[in-house]
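**Q** Here you go, one structure.
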Amino acid sequence: MMAYDPKRDTHLRAMDASHLFEPSTTRIGIRKNSYLRGYTYEFIEMFAPHLTRKVVDDAMHGRGYPE
C-alpha cells in the first residue's frame with residue numbers, strides 16, 4: 001500500500017477494497033539514452049523495486065533486460 005504504513009498509522013486500519021476498483025496499469029516512460037538525475041532513479045525503484053539503476057541504464061542503452 002502506498003499511503004498506509006501499519007507501523008506509523010497505528011490509529012488507522014487497512015481494509016481490502018480491491019472488489020470496488022478495477023485493476024489499472026501505470027507505466028513510466030523514459031527516452032532512450034537520456035540523462036536521468038539521481039532522484040529519477042530513486043522514484044523508479046520506489047515504484048518498481050526490481051528496476052534498479054543498473055537495470056534502467058542497461059535498458060536505456062540497448063543492453064536489454066537482464067535474465
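Just so you know, all these numbers are worked out from the coordinates, no wet-lab data involved. The model shown is predicted, which means the values in this text are computed figures rather than measured ones. Cβ atoms come from the backbone with ideal geometry, glycine included; neighbour counts cover every protein chain shown.
**Q** In debye, nearest 20, what is the charge dipole magnitude of the chain about its Cα centre with +1 on Lys and Arg Cβ and -1 on Asp and Glu Cβ, if you could check?
**A** Around 280 debye, computed over the chain.
**Q** From Cα pairs below 8 angstrom and at least 6 apart in sequence, can you work out the relative contact order of the chain, rounded to a whole percent?
**A** Answer for the chain is 21 percent.
**Q** Using only the Cα atoms of the chain, what do you get for the radius of gyration and for Dmax, in Å?
**A** 16.4, 48
**Q** Calculated from DSSP H runs of 4 or more alone, at -39500 (n - 2.57) each and per residue, what is the 222 nm mean residue ellipticity of the chain, nearest 500?
**A** After summing the helix terms and dividing by the residues of the chain, the value is -7500 deg cm²/dmol.
**Q** Work out from phi, with θ = phi - 60° and the Karplus expression 6.51 cos²θ - 1.76 cosθ + 1.60, the ³J(HN,Hα) of each residue of the range 10-26, listed in order in whole Hz, and give x for Gly and Pro.
**A** 5, 8, 10, 10, 8, 10, 6, 10, 4, 6, 8, 10, 6, x, 9, 10, 10
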